[in-house]
1. Filter region 153-207 down to the residues that are small (Gly, Ala, Ser) and touching a residue at least 24 places away in the same chain (Cβ under 8 Å) and list them by number.
2. Only one of (1) over 30 Å from residue 185 (Cβ atoms); (2) hydrophobic (A, V, I, L, M, F, W, C); (3) assigned to a strand (DSSP E or B) fails for residue 279. Which number is that?
3. For residues that are of a type in the set (Gly, Ala, Ser) and farther than 30 Å from residue 254 by Cα, scanning just region 272-324, find the one that is farthest from the chain's Cα centre (by Cα).
4. Only one of 72, 38 is polar (S, T, N, Q), within 27 Å of the chain's Cα centre (by Cα), open to solvent by 50 Å² or more (accessible area, probe 1.4 Å) and farther than 20 Å from residue 141 by Cα; which?
5. Can you tell me which residue among 274, 319, 354 is open to solvent by 50 Å² or more (accessible area, probe 1.4 Å), free of Cβ contacts under 8 Å to residues at least 60 places away in the same chain and under 30 Å from residue 161 (Cα atoms)?
6. So for region 293-315 (the condition being closer than 30 Å to residue 178 by Cα, modelled with pLDDT of 85 or more, open to solvent by less than 60 Å² (accessible area, probe 1.4 Å) and in contact with a Ser or Thr (Cβ under 9 Å, 6 or more places away or on another chain)), does at least one residue qualify?
7. Could you list, in sequence order, all residues of region 193-220 that are in a strand (DSSP E or B) and either within 22 Å of residue 17 (Cβ to Cβ) or touching a helix residue (DSSP H, G or I) at 6+ places or on another chain (Cβ under 9 Å) (or both)?
8. Those residues that are among the charged types (D, E, K, R) and open to solvent by 40 Å² or more (accessible area, probe 1.4 Å), I need them from region 245-271; list them, please.
Amino acid sequence: MPFDFGTYAGTAKEADINNLVEAVKTKYNYDPGNFLDQSDELKGVKFFGKLDYNINNNHTLTLRHSYTKAEQFDRFSSTANRLNFSNNGIYFPSITNSSALELKSRFGSKMSNNLIIGFTSVRDNRDPLEQKFPYVTIDDGGRSNIITFGSEEFSTANNLTQDIFTLTNNFKMYLGNHTVTVGTHNEYYDLLNAFIPQNFGSYRFRSINDFLTGVPAYEYRRSYSLVDELTGDASNAVSALRAMQLGFYAQDEWSVNKKFSLTAGLRIDIPVILDDPKLDTFLNNTALPKIRKFYPIANDVAAGKSPDGQIMFSPRLGLNYEINKSVRLRGGIGIFTSRIPFVWPAATFFNNGLTQGVVDRVSSTSTQVATDFIADPDKQYINPNKKFLQGK
C-alpha cells in the first residue's frame, strides 16, 4: 500500500533516501527497490481429479489426486518508524501433490469399513526477492527508527521437502442405538529441512553516512555451513530425518432418543522421531558436566539423541439435543492434540555444533572492534579457525 513519507519519524529526508538508493545501485550494482509503494501478490493453480469404481454392491474403490501450486510475493510496507524497500521481501513458491486410494466396504447391515492409503508431497522453497545481497539495517536517529534493504535475512537458505505416507482405517459397528467406531490413523514423514538464518550476512550501521563512507557496521550476524563452502539452498548443512505419528481411537455414538444423542471417545497418539542428530562429544563430555552443576534439569539432556515418543491421551465427550425443528443444541468437552510440527525438533539436526556455525559480533561503542561491510553474499565472515576462511 502507498506510504506517506511525511509520517516517517526518522531524521533522513526523502532526498537522503533517494541518494542512498542511487549510491547502492552505483557502488554495488544492487537495486533495493522502492520504499513508498508496496503490494503483495499471490498466484495459484489447483487441479483435482477423482475416479470411482463400484467393485460390487458392498465395495467401492476411489482414487483421487490434487495438485496445488502457489507463488506468494510478500513485501513489507514502510511505517512511521521503519523504511522497508520492496526487494527485501519474500518469494515463497510451494507445490503440493496429494493422492489417496480409498476402499469402502459394507459387511451386512451391522458393520462397515473405510480404508484410506495416501501420499502427500510438499515442496516449499522460501527465497528472497530479486538479487542476492546482504541484509542491511541503518539506524536513522537512534535504534527506534531504521532503514532496511537487502535479501530478507531468514529466507536466504530456507527450503523444506516433505514426503508423507498415511494409513487410515475406520471400522464401524451398528448396534441398535449405538454406533461404535474403532480406528487408526498413522503418518510417516520423510523430511529434509534447510534453514540457515542470516546466511548472506546481516549488518547494522549507526547512520546513512556511516554506511556510505565505509564506516564498519557495529552489529554483524550470520549462520553458515560447517560441512561445505556453499551459501543458500545449495548447502548440505540441513536436517534430514524420518518420523511417525501413530494414532488409535475408539468412539461410541449413542442415540439416547430421537432428540438427544451423546458421543464419547478416546484417542491415543504417539509421535516418534526415527533418527538421531549427529553426536557432539564436546557437549556430552565437557560442557554438560559443568552445566549440570548449576542446572540439574540438564541431567536429562544429551547430544546426539532425539526425544523419546510421548503417549498423548485425548478423551472427549459431545452432545447433540434437538430442542425443536428450528433449534439444535450442540456442545462438547475434551482434550485435543494436533499433529506434531516435526520441523521444530528438526532444528536439533543442524543446531548441533557440527552442522552450522554462527558469527555474532556486536560493538556497543564506536571505539570497539566492528565489522567491515562485504557486499558479496558468497564471501561472508566465518569462524577464522575454520579451514576454508571466506571474506576477510
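The values are calculated or read from the model by the stated rules, or taken from the named source; none is laboratory data. Quick caveat, the model's predicted, so the values are computed rather than measured. With ideal geometry, Cβ positions are generated from the backbone for all residues, glycine too; neighbour counts draw on all protein chains shown. Heads up: the accessible areas ignore ligands, DNA and RNA and are worked out on the full protein's heavy atoms, side chains in. Shrake-Rupley method; radii C 1.70, N 1.55, O 1.52, S 1.80 Å.
1. Once the filter is applied, which keeps residues that are small (Gly, Ala, Ser) and touching a residue at least 24 places away in the same chain (Cβ under 8 Å), region 153-207 yields 155, 157, 183, 194, 201, 202, 207.
2. (3)
3. Checking each candidate, the answer is 287.
4. 72 is the lone residue from the list that is polar (S, T, N, Q), within 27 Å of the chain's Cα centre (by Cα), open to solvent by 50 Å² or more (accessible area, probe 1.4 Å) and farther than 20 Å from residue 141 by Cα.
5. Of 274, 319, 354, the one residue that is open to solvent by 50 Å² or more (accessible area, probe 1.4 Å), free of Cβ contacts under 8 Å to residues at least 60 places away in the same chain and under 30 Å from residue 161 (Cα atoms) is 274.
6. Yes, the conditions are met somewhere in region 293-315.
7. Scanning region 193-220 gives 193, 194, 195, 202, 203, 204, 205, 217, 219.
8. 252, 253, 258, 259, 267
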